1. Expressed as an acute angle from 0 to 90° and rounded to the nearest 10, what is the orientation of the C-alpha long axis of helix 66-93 relative to the principal long axis of the chain?
2. Per-residue counts of other Cβ atoms within 10 Å, averaged by peptide: what ranking do you get for 71-84, 24-37, 161-174, highest first?
3. Is it possible to state the helix-based mean residue ellipticity at 222 nm for the chain, with each DSSP H run of 4+ residues giving -39500 (n - 2.57), the sum divided by total residues, to the nearest 500 deg cm²/dmol? What is it?
4. So for the chain: antiparallel DSSP bridges make up what percent, rounded to the nearest 5?
5. I need the P(r) histogram for region 19-154: all alpha carbon pairs, bin width 5 Å from 0 out to the longest distance, whole percents.
6. With no solvent and one equal point scatterer placed on each C-alpha of the chain, evaluate the Debye formula and give log10 I(q)/I(0) for q = 0.08, 0.16 Å⁻¹, two decimals.
7. Compute the long axis of helix 114-123 from its Cα atoms, compare it with the longest principal axis of the Cα atoms of the chain, and write down the angle in degrees, 0 to 90, nearest 10.
8. As a test of the definition: which semi-axes, in Å, follow for region 1-76 when you take the square root of five times each eigenvalue of its alpha carbon gyration tensor? Largest first, please.
Amino acid sequence: MKPRASSLTIKQLRAFVAVYQLRGLSAAAAQLHVTQSAVSVLIRQMEQELGMRLFDRTTRSLQPTSAADNAIEVAQRVLQDMDSLGVGLHDLSKLRRGRVTVACTPTLAKIILPKVIGKFMETYPGVHVDVDDSPPDQFISRLIAEHADFGVGTPDQAGDGIRMQRLMGDHLSVVFRTDHPMAVRRSVRWKELDGMPIITVRPGYGVRPLIDQAAARAGIRLNVAHEVTLMSTALWMTTCGMGPSVMPDVYANYYSPDPSLAVRPLVSPKVPRDIYVLVKSGRSLSPAAQQFVQMLKAERPINEV
């Protein structure tokens, strides 16, 4: 017959250990900051639960029985484990220890994370920060599989398994050399790109469906002369005179410090491509992850236009 599980409480164990060590109800009560009668009740409840006497009462003290001698080490170990658990959880809540894993595509991670991670690690040195630099086609699946606490990105379709919170705004822009006739414009309409040889990312890479959809809405024929994998490649190709490139504004401004390049927003339509914090549905963020997200919002790594 399987023995029934004990329903002893932490209060009973603390009372038992205190009485065992101090050999008296009064001294134990003082140590625990409760009344003597409360300690007496806890010991009696524990004896009833175990079905055996733990102390022999004399006129001056309580003497442990052999059952108490056998139980004391286990009781002390349980209380020590519970105290360690409490301290550990308190440290997690106060960000004295813990771990945060952020999923982000490599290109966006380089733009948005370094400054925030540096500040976070300086403020909370006991919390370990990891970055899961996920390819765009694996970004959502990494979150669903819980390889990261949360992600930062611009998903085309997050799906039902992900909840999204807008972090900051972005939009599509076109990059010209400054000697291009359109570089003097404050903005460029999509219709003005009709038939013009341009550079952008390959089909299946993040922003490409958005670019194709915007061109279709504007009723133009998008003449993609060169398809690339990296935005940085598109920019140096534009610098070389191979044509203007179309990409999210955040990438264009981050990767084009070259004064020979001009970044102009695309309008009519103006196409937003906002950046989000993404978390798997049904999952809550740890205190450390929550604080990291708050610092992301406060730091504003990207200036919205």
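What follows is calculated from the coordinates using simple rules that are stated; it is not laboratory data. All values derive from a computational prediction rather than experimental measurement. Cβ coordinates were reconstructed from backbone atoms using ideal geometry, including for glycine residues, and neighbour counts include every protein chain displayed.
1. 20 degrees
2. Values: 71-84: 13.0, 24-37: 15.6, 161-174: 18.1.
In decreasing order of mean packing, 71-84, 24-37, 161-174 become 161-174, 24-37, 71-84.
3. Numbers: 11 runs with 127 residues, N = 305.
Helix-only estimate at 222 nm: -13000 deg cm²/dmol.
4. Working: 22 of 40 bridges.
For the chain, the DSSP antiparallel bridge percentage is about 55.
5. 2, 9, 12, 13, 11, 7, 5, 5, 6, 7, 8, 7, 6, 2, 1, 0
6. -0.56, -1.17
7. That helix lies at roughly 20 degrees to the long axis.
8. Values: eigenvalues 84, 38, 23 Å².
After diagonalising the Cα gyration tensor, the semi-axes are 21, 14, 11 Å.
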